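The values are calculated or read from the model by the stated rules, or taken from the named source; none is laboratory data. Every value quoted in this text rests on a predicted model; they were computed, and no experiment measured them. All Cβ positions, glycine included, derive from the backbone under ideal geometry; neighbour counts span all protein chains shown.
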Amino acid sequence: MSDDAEQQAEEIEVLKSIYEGDDNFKQLDAKTYQYKYADGDKSFILEISWGPTYPTEKPTFNLDIFYNQHLLQAVKEKILSVVTDEAEQWLGCAMTYTLFEALKEKVSEILAEQTEEAVVVAKVDKIVIDDQNESKKPEKKEQLTKAQKRRAWDKAELGRGGEKPRGWDWVDIVKHLSQVPHQPAS
């Protein structure tokens, strides 16, 4: 077994013991790990994948996952810069835990650049561009006023000629007779 493989096996055991019960930590496979960072209502997930020669070489970092689609590009670059700089210092050593923790210390500083207005503007720009590509817009249904609805109801109730339908005021004879008290014949 190579030295890198031994260090990876040891690090897997260490990570499992450290992050046991931590809902923010997730092991996707033997060489891919994720950690979810949150600061108030802002959050993101960092994914770290080990190569075959990790920890001799740096792991790869991934922020291009669906959960992170709201992150601004500048924020993603800042996150990658922090973990890359930290990884440079720890080459040759098990560093996944160290990278997760180093980023944990700077989360509020990094996410301060993530403004909701910028995210909304970016999404609005995208929607405007998408609308320009599509020439069809969904048709709006006609909305009736209360008076129009009332007239339509009256017409439906009265029938076509404005008259009430035949038998509208007929009395159900059987029902009526069952309600009238029976008087014996004298």
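A compact table of results
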{"quantity": "Filter pass, residue 71 being at pLDDT 90 or above and not acidic (Asp, Glu)", "calculated": "no"}
{"quantity": "Matching option when the condition is under 20 Å from residue 3 (Cβ atoms) and either touching a residue at least 24 places away in the same chain (Cβ under 8 Å) or surrounded by fewer than 17 Cβ atoms within 10 Å (Cβ to Cβ) (or both), among 57, 77", "calculated": "57"}
{"quantity": "Qualifying residue in the stretch 10-25 (condition: free of Cβ contacts under 8 Å to residues at least 12 places away in the same chain, within 21 Å of the chain's Cα centre (by Cα) and assigned to a helix (DSSP H, G or I))", "calculated": "no"}
{"quantity": "Residue selected from the stretch 28-39 under the condition within 21 Å of the chain's Cα centre (by Cα) and without any contact (Cβ under 8 Å) to a residue 60 or more places away in the chain, by the criterion farthest from residue 79 (Cα to Cα)", "calculated": "28"}
{"quantity": "Residue check, residue 54 of a type in the set (Phe, Trp, Tyr) and more than 15 Å from residue 100 (Cα to Cα)", "calculated": "yes"}
{"quantity": "Listing of helices (runs of 4 or more DSSP H) fully contained in the stretch 82-186 that carry 2 or more residues being at pLDDT 70 or above", "calculated": "96-105, 107-111, 146-158, 173-179"}
{"quantity": "Residue that is surrounded by the most Cβ atoms within 10 Å (Cβ to Cβ), among those in the stretch 27-53 that are hydroxyl-bearing (Ser, Thr, Tyr) and touching a strand residue (DSSP E or B) at 6+ places or on another chain (Cβ under 9 Å)", "calculated": "33"}
{"quantity": "Some residue of the stretch 28-49 being touching an Asp or Glu at 6+ places or on another chain (Cβ under 9 Å) and outside any strand (DSSP E or B)", "calculated": "yes"}
